[in-house]
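First the structure, in the form of structure tokens, and then the observations on it.
The values are calculated or read from the model by the stated rules, or taken from the named source; none is laboratory data. What you are looking at is a predicted structure, and each value in this text was computed from that prediction instead of being measured. Reconstructed Cβ throughout: ideal geometry from the backbone, glycine too, with neighbour counts over all protein chains shown. The protein model used for the area step is the full one, side chains on, heavy atoms only, and it has no ligands, DNA or RNA in it. Shrake-Rupley method; radii C 1.70, N 1.55, O 1.52, S 1.80 Å.
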Amino acid sequence: MRTIIEGGTIVNEGRTFDGTIIIDDGTIVSLESLENLESQDHLERINAHGCYILPGIIDDHVHFREPGLTEKADIDTESRAAAAGGVTTFFDMPNTKPQTTTLEALEEKFALARQKSHVNYSFFYGATNDNADTFPQLDIHRIPGIKLFMGSSTGNMLVDRREALERIFSSTPLPLMAHCEDTEIINRNMAMAKEEYGDDPSVAHHPEIRSVEACYESTKLAVELARKYQTRLHIAHLTTAKELEYLTGGQSPCEVRLTEGLSPCEVTAEATVSHLYFSDRDYARLGTRIKCNPAIKSERDREALQQALSDGRITVIGTDHAPHLLSQKEGGCAKAASGMPMIQFSLVTMLELVDRGVLSLERLVELMCHNPARLFEVRQRGFIRPGYRADLVLVRPQSGWTVTPDCIQSKCGWSPMEGHTYLWRVERTLCNGHSVYVNGQVDTDYIGEEVAFR
Ligand SMILES: [Zn+2]
């Protein structure tokens, strides 16, 4: 089967140009026109006039909740949301039930995805206080890296013992992706807030409890350990200006030379769409819908994060897509669950920030497609290049539409973006050359591929 995508504007590797993409058996063979295409059998032509063609988004941070938490979400529903959002590859996090902290649990997840994922997939392995001895048995060609919840309370994957941290940082050549928040500081802040505001303080206090200081102290410890053990540290969802200043000011070079390959101790950082888009002023409007950990913080923090997109201190944009049922979002700081669904709207939200002048379209492609591929050494994805798998997304500008509950693919059935009008629209998503999303429909018969690394 040969597919030709004609008439679109390609955005790839810093360039924006009109071109034709030719795909054979799911692989890009050419970015130019081939002669005698008319005479070929089995030719699918896609008209991309008026569209931009980007590499499919690689989301390095999702929680699809399967196995064990499937009342909130599952791989089938959330990979539909991914396809509808232009995301062709996801890396899922280990805080499921059971936790992905044993080789068996990891295999179980791969088996589930082989049955139900409509886009490409892989899974992080989770670090615990006592499983570092299993790291050498991990196949480095099958997983992006190891996820560490460093002093954050997500299930019982909290790693809080110093000697356990030292072992984890010294035990793997894989990227170590760390959630950095200091539990002691959070607990202290929570106790103070409860004293002042009662047992379940309003969500407006969430960024005071999960404070700048809690993030900063934990990030600082992670960077110190990474430098001590030459660990390839990737800090998940950075949220504060103070952490960014630390990463710039100290000896930790966050301006990475990804194209030339990373040295082990270079620290990279992820920002999420939610932290780039919302600020603490949005709690009044959206309440616990935007409660997540680390907390959405001040406008000043958001501005610092947005600036860091263009100067290289932020390397990757992910979503931390973390669905909960709306009933689980009831209450305040103590009771409401933390996390929100975002994967279906991550690309169009970032395109809105492009329209506002926050970053360029080329830089968006760098942060959401090229850099995740480079950082985790993804094979044959993340770029529009001959020989690479045809993971592509066609987006149309000036094509206003409003988010309504009926267009939401995520199982939880709600979005913080409900009622929002976007100007950009995802028109078509190709996964391995197959149109998995087109005209508002996900092809649920299609199954994506396991991603290969290194
Ligand atoms: Zn997360």
*Report, by residue number, each residue of the stretch 181-197 that is of a type in the set (Lys, Arg) and within 25 Å of Leu148 (Cα to Cα).*
Arg188
_Qualifying residue in the stretch 399-409 (condition: within 16 Å of the ligand (Cβ to nearest atom) and in contact (Cβ under 8 Å) with a residue 40 or more places away in the chain)_ = no
*asked:* Quick check on my filter: what residues within the stretch 106-141 are among the aliphatic types (A, V, I, L, M), open to solvent by less than 10 Å² (accessible area, probe 1.4 Å) and closer than 22 Å to Asp74 by Cα?
replied: Ala113, Val119
*Answer yes or no as to whether Arg379 is under 29 Å from Arg232 (Cα atoms), touching a Lys or Arg at 6+ places or on another chain (Cβ under 9 Å) and not acidic (Asp, Glu).*
yes
*Which number in (1) at pLDDT 95 or above; (2) under 30 Å from Glu299 (Cα atoms); (3) within 16 Å of the ligand (Cβ to nearest atom) marks the one condition that Glu195 misses?*
(3)
*Looking only at residues in the stretch 313-332 that are in contact with a helix residue (DSSP H, G or I) (Cβ under 9 Å, 6 or more places away or on another chain) and more than 20 Å from Cys180 (Cα to Cα), which one is nearest to the ligand (Cβ to nearest atom)?*
Pro323
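Residue-by-condition table, conditions (1) open to solvent by 30 Å² or more (accessible area, probe 1.4 Å); (2) under 30 Å from Lys194 (Cβ atoms); (3) touching a Ser or Thr at 6+ places or on another chain (Cβ under 6 Å); (4) in a strand (DSSP E or B):
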site: Ile314; (1), (2), (3), (4): no, no, no, no
site: Gly331; (1), (2), (3), (4): yes, yes, no, no
site: Ala337; (1), (2), (3), (4): no, yes, no, no
site: Val365; (1), (2), (3), (4): no, no, no, no
site: Asn371; (1), (2), (3), (4): no, no, yes, no
site: Gly387; (1), (2), (3), (4): yes, no, no, no
site: Val393; (1), (2), (3), (4): no, no, yes, yes
site: Ser399; (1), (2), (3), (4): no, no, no, no
*asked:* Ala83 - would you say it is closer than 29 Å to Ser122 by Cβ, within 16 Å of the ligand (Cβ to nearest atom) and touching a Phe, Trp or Tyr at 6+ places or on another chain (Cβ under 8 Å)?
replied: no
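One line per residue, one yes/no per condition, for (1) modelled with pLDDT of 95 or more; (2) open to solvent by 10 Å² or more (accessible area, probe 1.4 Å); (3) farther than 15 Å from Asp59 by Cβ:
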site: Glu270; (1), (2), (3): yes, no, no
site: Val273; (1), (2), (3): yes, no, no
site: Ala284; (1), (2), (3): yes, yes, yes
site: Gln306; (1), (2), (3): yes, yes, yes
site: Ser310; (1), (2), (3): no, yes, yes
site: Pro323; (1), (2), (3): yes, no, no
site: Met340; (1), (2), (3): yes, no, no
*within 16 Å of the ligand (Cβ to nearest atom), in contact with a Leu (Cβ under 8 Å, 6 or more places away or on another chain) and modelled with pLDDT of 95 or more: does that describe Glu71?*
no
_Every residue in the stretch 215-268 that is of a type in the set (Gly, Ala, Ser), farther than 17 Å from Phe376 by Cβ and either within 16 Å of the ligand (Cβ to nearest atom) or at pLDDT below 95 (or both), please._
Ser218, Ala222, Gly249, Gly250, Ser252
*Restrict the check to the stretch 196-209 and report whether at least one residue is touching a strand residue (DSSP E or B) at 6+ places or on another chain (Cβ under 6 Å) and either assigned to a loop (DSSP other than H, G, I, E, B) or open to solvent by less than 10 Å² (accessible area, probe 1.4 Å) (or both).*
no
*Scan the stretch 53-66 and report the pairs whose first residue is aliphatic (A, V, I, L, M) and open to solvent by 10 Å² or more (accessible area, probe 1.4 Å) and whose second residue is modelled with pLDDT of 95 or more and more than 16 Å from the ligand (Cβ to nearest atom), with Cβ atoms within less than 8 Å and a gap of 6+ or a chain change.*
none
